[in-house]
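The values are calculated or read from the model by the stated rules, or taken from the named source; none is laboratory data. It should be emphasised that the depicted structure is a prediction, and the values quoted were computed from it without experimental measurement. Neighbour counts are summed over all protein chains in view; Cβ atoms, including those assigned to glycine, are modelled from backbone coordinates with ideal geometry.
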Amino acid sequence: MTDKRSVVISNPAFERATEEGYPYIHAIYEAIKETYKVGYCNKENATKECVWNKIKELNPRTFIGFGHGNTDIFTGHNFDIIFQVGKVPKELVEGKIFLMLSCLTAKELGKHFVEDLNAWAYLGWDEEYVFWLSHKDEFLGTIRDAWIEFFIGSLYTLKDVYDYIYRKYTEYYEKYKDTLPHIAETFLHDRDHMKLLGDEYAWTNKEPHIYETILDTVVNYSDEKIDWETRRFEMQVRGKVKVKDTDIVVPNVKVKCKIYVDGELDVEYEDVTNEKGVFEFYYVKKLNTYGHIIKVVVESEKKADEKDTEVDIYLPSKYSEEIHLPILKEQLQVKIIEKKLELVKESFPYSMYKATIRFQLVDKQGNVVKAPLEWLDVIIEDKEGKWKMHLEYENDVIVATQSGLVYESIRFRDRKVKFEIVFKPEDPRYAEFTYTDYVILKATAWIYIIIALIILAIILLTQIFPQK
């Protein structure tokens with residue numbers, strides 16, 4: 001078994017690149033030498049002989065390697081080959097963690113160590129690691145800080161180290177992408193070619209106990225229409241942080257809640273779970289009555305509870321939910337003011353009429369809505385078919401007229417003439433509808449009967465009282 005309190009470091013300084021990097025690796029040695037037994041192969045001693053002897057002597061949990069490399073080799077002082085694929089005894093690698101600030105080695109050497117020689121884990125780069133001298137404190141200083149924290153700080157696992165470097169390089173990319181794009185792109189390159197092979201929870205300081213967590217979350221909301229263009233949306237997001245597949249709750253965990261409206265971040269809240277693992281957020285927003293997508297994203301942060309030689313790590317978790325708010329359409333009503341059919345030309349068997357329908361569109365409070373006429377069709381029927389009536393406004397009243405309508409001249413009973421008001425608004429806040437009503441044409445047969453009776457009476461009278 002490896003000694004978790006032993007470390008071997010290879011840190012050459014024989015040309016510009018290694019000379020510039022040397023102080024950062026040396027700072028790691030200075031930071032941990034009182035806590036760990038360190039086999040330090042530095043400067044001209046950074047050779048295969050020194051490194052192999054120190055590993056055999058100390059059987060360290062961790063090896064820190066700084067120096068030039070290639071896909072299958074890692075070198076030290078004056079390019080002395082320290083490790084090469086196929087030429088390293090398994091006992092020098094098995095069960096160990098390798099932190100390798102060296103170009104290309106993760107591509108083959110790292111895989112060989114993990115897959116063939118049973119290394120516990122390997123952190124390195126599968127392309128050239130590049131840094132700018134003008135910003136070396138940000139490039140190399142980030143790695144120095146992460147590796148020190150791995151040994152004596154709060155980066156308990158190799159994944160913590162990876163995540164720290166990844167996050168910092170991302171922040172530097174954002175910082176420089178507009179002003180120094182070449183620097184920014186280098187941070188991005190180095191970030192994306194950093195590789196963690198093997199067990200991401202490999203550790204060296206305190207033994208971690210890893211717990212996956214879930215966010216047991218309930219989202220309740222109400223959606224109330226205030227007026228024709230405004231709605232009030234209210235939401236409660238409540239839940240618990242729990243250890244996965246158990247009922248164990250996790251107190252004192254920071255939880256963030258982000259709320260997006262139609263894809264844009266609207267607000268972000270923070271809370272800390274209470275002793276029962278509970279978090280809670282409230283959100284109130286006035287929105288227009290168009291449709292909306294509300295997205296809720298809840299994320300818990302990682303929590304670590306340290307003990308003397310161990311640490312309980314509760315991993316972060318995430319919950320998201322989308323709420324689709326429909327368009328709250330205003331349902332207008334039709335208020336008929338007048339509807340009539342006027343006789344224009346009487347003949348037999350059909351007569352011609354003119355229809356006039358006067359109406360308003362009103363909301364549920366009775367207020368008149370002066371909608372564009374393009375949203376309306378008024379259709380009336382006669383014996384020839386259906387006709388779209390001419391529309392115009394008289395103040396706030398819509399007047400629909402249609403001439404030349406043909407109906408029977410003789411009607412033995414009242415006739416119901418159907419008309420429809422079809423509303424198809426282009427504004428999605430209004431609902432479509434079809435309103436159906438009738439205009440009554442009174443029966444006319446009795447008039448003709450009276451006329452016939454009068455004519456018949458005249459005929460009879462002339463026969464009874466013939467003219468002399």
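Scan segment 319-344 residue by residue and report those that are within 35 Å of the chain's Cα centre (by Cα), of a type outside the set (A, V, I, L, M, F, W, C) and either more than 30 Å from Ser300 (Cα to Cα) or surrounded by fewer than 12 Cβ atoms within 10 Å (Cβ to Cβ) (or both). Listed by number, the residues that qualify are Glu322, His324, Pro326, Lys329, Glu330, Gln331. Close Cβ contacts (under 9 Å, 6 or more residues apart or on different chains) running from residues in segment 439-467 that are surrounded by 10 or more Cβ atoms within 10 Å (Cβ to Cβ) to residues that are modelled with pLDDT of 75 or more and of a type in the set (Asp, Glu) comprise Ile440/Asp414; Leu441/Glu408; Leu441/Asp414; Lys442/Asp414; Ala443/Asp414; Thr444/Glu408.
Within segment 394-421, the set of residues being part of a strand (DSSP E or B), free of Cβ contacts under 8 Å to residues at least 60 places away in the same chain, closer than 21 Å to Leu373 by Cβ and not small (Gly, Ala, Ser) comprises Glu394, Ile398, Val399, Thr401, Gln402, Glu420.
Contact map, segment 177-192: first residue closer than 19 Å to Ile165 by Cα, second residue polar (S, T, N, Q), Cβ cut-off under 7 Å, separation 6 or more or different chains; pairs are Arg191/Thr170. Apart from one condition, Val114 fits all of (1) crowded, with 22+ Cβ neighbours inside 10 Å; (2) in a helix (DSSP H, G or I); (3) touching a strand residue (DSSP E or B) at 6+ places or on another chain (Cβ under 8 Å); the exception is (1). Test Leu376 against the stated conditions and say whether it is surrounded by fewer than 16 Cβ atoms within 10 Å (Cβ to Cβ), assigned by TED's automatic domain parsing to the domain that holds Asp437 and touching a strand residue (DSSP E or B) at 6+ places or on another chain (Cβ under 9 Å). No.
Residues that are within 17 Å of the chain's Cα centre (by Cα) and either over 19 Å from Lys240 (Cα atoms) or free of Cβ contacts under 8 Å to residues at least 40 places away in the same chain (or both) within segment 279-299 comprise Gly291, His292, Ile293, Ile294, Lys295, listed in sequence order. Looking only at segment 78-118, residues that are within 42 Å of the chain's Cα centre (by Cα) and charged (D, E, K, R) come to 6 in all. Restricting attention to segment 212-224 and to residues that are more than 19 Å from Tyr282 (Cα to Cα) and either in a strand (DSSP E or B) or of a type in the set (Gly, Ala, Ser) (or both), the residue that is nearest to the chain's Cα centre (by Cα) turns out to be Ile214. Taking into account only those residues within segment 410-447 that are of a type in the set (Ser, Thr, Tyr) and modelled with pLDDT of 85 or more, which is nearest to the chain's Cα centre (by Cα)? Step by step, filter segment 410-447, then rank; the result is Tyr430.
All of Ser351, Ser347 fail the test of being more than 54 Å from the chain's Cα centre (by Cα), modelled with pLDDT of 90 or more and more than 16 Å from Glu420 (Cα to Cα), apart from Ser351.
Taken residue by residue, segment 143-153 has at least one member that is part of a loop (DSSP other than H, G, I, E, B), of a type outside the set (Asp, Glu) and over 24 Å from Tyr176 (Cα atoms).
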